[in-house]
Amino acid sequence: MKILYWGTPEYAVPTLLALHSAGHQIVGVVTQPDRRRGRGKQLMPSAIKICAQSLG
């Protein structure tokens with residue numbers, strides 16, 4: 001099954017991983033843009049973006 005996944009928070013990561021490991025074809029991931037965080041106000045990606053990039 002082809003899936004377009006929408007999510008941003010960290011609790012959405014296990015669902016994305018489960019869909020990927022079940023053999024579904026993740027055709028795209030939609031998440032919020034990187035945000036400035038921390039003391040240095042550096043741009044940080046969302047947890048879903050990091051996970052999606054690691055899955056390819």
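Bear in mind that the values in this text are calculations on the coordinates, not laboratory data. Quantities reported herein were computed from a predicted structural model and do not represent experimental measurements. For neighbour counting, all protein chains shown are included, and Cβ atoms are generated from backbone atoms with ideal geometry for every residue, glycine included.
hydroxyl-bearing (Ser, Thr, Tyr) and touching a Leu at 6+ places or on another chain (Cβ under 9 Å), is that true of TYR11? Taking the combined requirement at face value, the residue does not satisfy it.
Comparison of TYR5, TYR11 shows that the only residue that is among the hydroxyl-bearing types (Ser, Thr, Tyr) and closer than 16 Å to GLY56 by Cβ is TYR5.
Of all residue pairs spaced 6 or more apart or on separate chains, those with beta-carbon atoms under 7 Å, a first member in the range 35-55 that is free of Cβ contacts under 8 Å to residues at least 40 places away in the same chain and more than 20 Å from ALA12 (Cα to Cα) and a second member that is surrounded by fewer than 12 Cβ atoms within 10 Å (Cβ to Cβ) and aliphatic (A, V, I, L, M) are ARG36/LEU43.
Working only within the range 21-39, note down all residues that are surrounded by fewer than 10 Cβ atoms within 10 Å (Cβ to Cβ) and over 15 Å from MET1 (Cβ atoms). Selection gives PRO33, ARG36, GLY38, ARG39.
If you go through the range 28-45 and pick out every residue that is among the β-branched types (Val, Ile, Thr) and either in contact with a Leu (Cβ under 6 Å, 6 or more places away or on another chain) or more than 12 Å from LEU55 (Cα to Cα) (or both), you end up with 2.
Only one residue in ALA18, ALA52, ALA47, ALA12 is more than 10 Å from the chain's Cα centre (by Cα) and either surrounded by 10 or more Cβ atoms within 10 Å (Cβ to Cβ) or hydroxyl-bearing (Ser, Thr, Tyr) (or both). Which one? Before the answer, list the steps.
Numbers: ALA52 fails: more than 10 Å from the chain's Cα centre (by Cα); ALA47 fails: more than 10 Å from the chain's Cα centre (by Cα); ALA12 fails: more than 10 Å from the chain's Cα centre (by Cα).
Checking each option against the conditions leaves just ALA18.
Taking the conditions exactly as written (without any contact (Cβ under 8 Å) to a residue 60 or more places away in the chain and touching a Phe, Trp or Tyr at 6+ places or on another chain (Cβ under 9 Å)), does LEU16 satisfy them or not?
Numbers: without any contact (Cβ under 8 Å) to a residue 60 or more places away in the chain: yes; touching a Phe, Trp or Tyr at 6+ places or on another chain (Cβ under 9 Å): yes.
When the stated conditions are applied, LEU16 passes them.
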